[in-house]
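Participant: Let me begin by handing over the structure; questions about it come next.
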Amino acid sequence: MELVAMDMKQRGLYIARQLSFYGVAFRIEDVSLSHDFIQMYNASVRLVRYCCRLLNAFDAIASLSCIECILLNKIIVNIVMHYHKTPVNL
């Protein structure tokens with residue numbers, strides 16, 4: 001019901017705060033997931049976990065001193081340039 005309400009609200013068809021459940025019937029259906037869907041879901045979960053780790057790392061970096069940030073920046077630049085195999089003059 002929430003998804004229906006959200007869709008109706010996006011189309012401008014729905015302005016009430018709650019839909020009526022009068023005459024509504026619910027049933028539970030067991031739906032099997034395709035292999036492709038499971039792979040996509042797992043990849044999405046890995047991406048969200050990676051982003052959370054990055055945010056935690058940025059939070060830790062925010063507490064570093066100025067000198068530590070400069071050193072960390074040089075390390076990151078060297079790693080990125082090594083990965084791309086591009087010479088850089090710092």
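The values are calculated or read from the model by the stated rules, or taken from the named source; none is laboratory data. These numbers come from a predicted model, not from an experiment. Don't worry about glycine lacking a Cβ; one is built from the backbone with ideal geometry, like all the others, and counts go over all protein chains shown.
Participant: Where residues in region 1-23 are at pLDDT 70 or above and among the small types (Gly, Ala, Ser), which of them is surrounded by the fewest Cβ atoms within 10 Å (Cβ to Cβ)?
Facilitator: The residue in question is Gly23.
Participant: Still on this structure, I have one more. Give the residue, chosen from Phe26, Phe37, that is assigned to a loop (DSSP other than H, G, I, E, B) and at pLDDT 75 or above.
Facilitator: Phe26
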